[in-house]
Amino acid sequence: MNAPTSVEDARAADKVVGEEVAETSEQATAVAMQDTLLTPRFYTTDFDEMDRINVEGVRADWDDLIARMVADPNKNHFRKTEDWDEVDWEGMEPALRKEFIDFLISSCTAEFSGCVLYKEMKRRGSNPDIVQLFQLMARDEARHAGFINDALREAGIAVNLGFLTQKKKYTYFRPKFIYYATYLSEKIGYARYITIFRHLEANPQHRFHPIFKWFEEWCNDEFGHGEAFALLMKTDPKLTSGVNVLWIKFFLTAVYSTMYVRDHQRPLFHKALGVDPDWYGQEVFRKTSAISTQVFPITLDIDHPRWMKGLKRLQKASLKVAMGKQRGGVIGTAQRLVGMGQAAVGFVSIYTIPAIRHEVPASSRMEPAY
Ligand SMILES: [Fe+2]
Ligand SMILES: [Fe+2]
């Protein structure tokens, strides 16, 4: 194990996660309500503009994708079967239990965030193609969030999704930013789920909870959602050219680095899975980058010497911010500001790594291959 999972960092991360430890549904919902740079947010956008998308230019691929979603191969997947082993929540090491619950709450919130956005687009839209797509995606995300909540319920807690819908803050993103951010979150979600699934397939002794057995079919839903956003971006070449390439680079950098920092806050969870979070991060970035060549003209150079250094710097800075916040007072505030400055420097150092350019294929269509 490398630096971020050293004992010292584990303790520091534990403190950060400890701040948000959830033992009741109220606490779990409070964790899900948090809006920081690192926690899943709810989004709203210009739904009228999105409703005006014309998919005629990608009609063949579009109809094909929609037909596969309508066929609904995962209709009965998100149910507990005999494969759902008994979970020994009481016997789980408390610190691991805390991190795992944090992981489940954060995953549930992220899944539900998709559900809320897609459902709203479906409700507001009048374009039959758009309405149908968003209804199908909302269906999937509701299942995903509900299934994670079922798993949480066995530990005696659940996120109050109705309350979140009403009370969680909504962040406005213009449609093009929704495309970049949501496309990436779907594809990175696929890459995360399939990487854990394949790892546990080869190392079943590390499968400490049955939910991981569900990840294979699950990630195919996310892959399909990503395909839909790739097609939406294909309808307008301007979205992936000119100055927008800088925005794409920004979103790639932000999404990757957020994942890295967030995962390093859960050292015990990754240790229990038998996964080095540095290896896991790079593996997920590699898969996401390979997939994103279907529509983005650039990928990040994650083998550049500055890349890992910058991520580690960001991670250390985020610990400093969290510890400063917890400490409070003048010293805490100073610590927090220093941390924020270091985070900004870390982000700039990775954002300015030259990107790798490549040709984008005429059709974005891709099959899940990992
Ligand atoms: Fe999902
Ligand atoms: Fe999804």
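Any read-out appearing in this document is the output of simple, stated calculations on the displayed coordinates, not a laboratory observation. What you see is a predicted model; the values in this text were computed from it and never measured. Note that we place each Cβ from the backbone using ideal geometry, even for glycine, and neighbour counts take in every protein chain shown.
Take every pair of alpha-carbon atoms less than 8 Å apart whose residues are at least six positions apart; their mean separation over the length of the chain yields a relative contact order of 22 percent.
Computed over neighbours whose Cβ is under 12 Å from that of Tyr351, the net charge equals +1, Lys and Arg +1, Asp and Glu -1. Cross-link partners of Lys119 among aspartates and glutamates, defined as those whose alpha carbon lies under 17 angstrom from its own and excluding same-chain residues fewer than eight positions apart: Asp46, Asp48, Glu49, Asp51, Glu111, Asp129, Asp140, Glu141, Glu186, Asp221, Glu222. Across the range 271-277, rounded Karplus estimates of 3J(HN,Hα) from the backbone phi angles (6.51 cos²θ - 1.76 cosθ + 1.60, θ = phi - 60°) give 5, 4, 6, x, 10, 7, x Hz, Gly and Pro being marked x. With neighbours defined as other Cβ atoms within 10 Å of a residue's Cβ, the residues Cys108, Cys115 order from fewest to most as Cys115, Cys108. If R0 is 56 Å, what FRET efficiency do you get for Ala30 and Asp303 from their C-beta distance, rounded to 0.05? It comes to 0.90. Karplus-derived 3J(HN,Hα) values for the range 290-307, using 6.51 cos²θ - 1.76 cosθ + 1.60 with θ = phi - 60°, are 4, 5, 5, 5, 5, 9, 8, x, 10, 10, 7, 8, 7, 9, 5, x, 7, 4 Hz; glycine and proline are entered as x. Each of Arg68, Arg174, Arg266 has some number of other Cβ atoms within 10 Å of its Cβ, and from fewest to most they run Arg174, Arg68, Arg266.
Identify all lysines with a Cα-Cα distance to Lys287 below 21 Å; exclude those on the same chain that are fewer than 8 residues away in sequence. Reachable lysines: Lys187, Lys213, Lys234, Lys249, Lys309, Lys312. Each listed q (0.08, 0.13 Å⁻¹) maps to a log10 I(q)/I(0) for the chain from the Debye sum over equal C-alpha point scatterers, namely -0.39, -1.12. Result for the chain in a Gaussian network model with C-alpha springs under 10 Å: among Lys80, Lys287, Lys122, the largest mean-square fluctuation is at Lys80. Over the chain, dividing the summed -39,500 (n - 2.57) contributions of all DSSP H runs of at least 4 residues by the number of residues returns a 222 nm mean residue ellipticity of -22000 deg cm²/dmol. With K and R counted +1 and D and E -1, the other residues having a Cβ less than 14 Å from that of Gly162 yield a net charge of +2.
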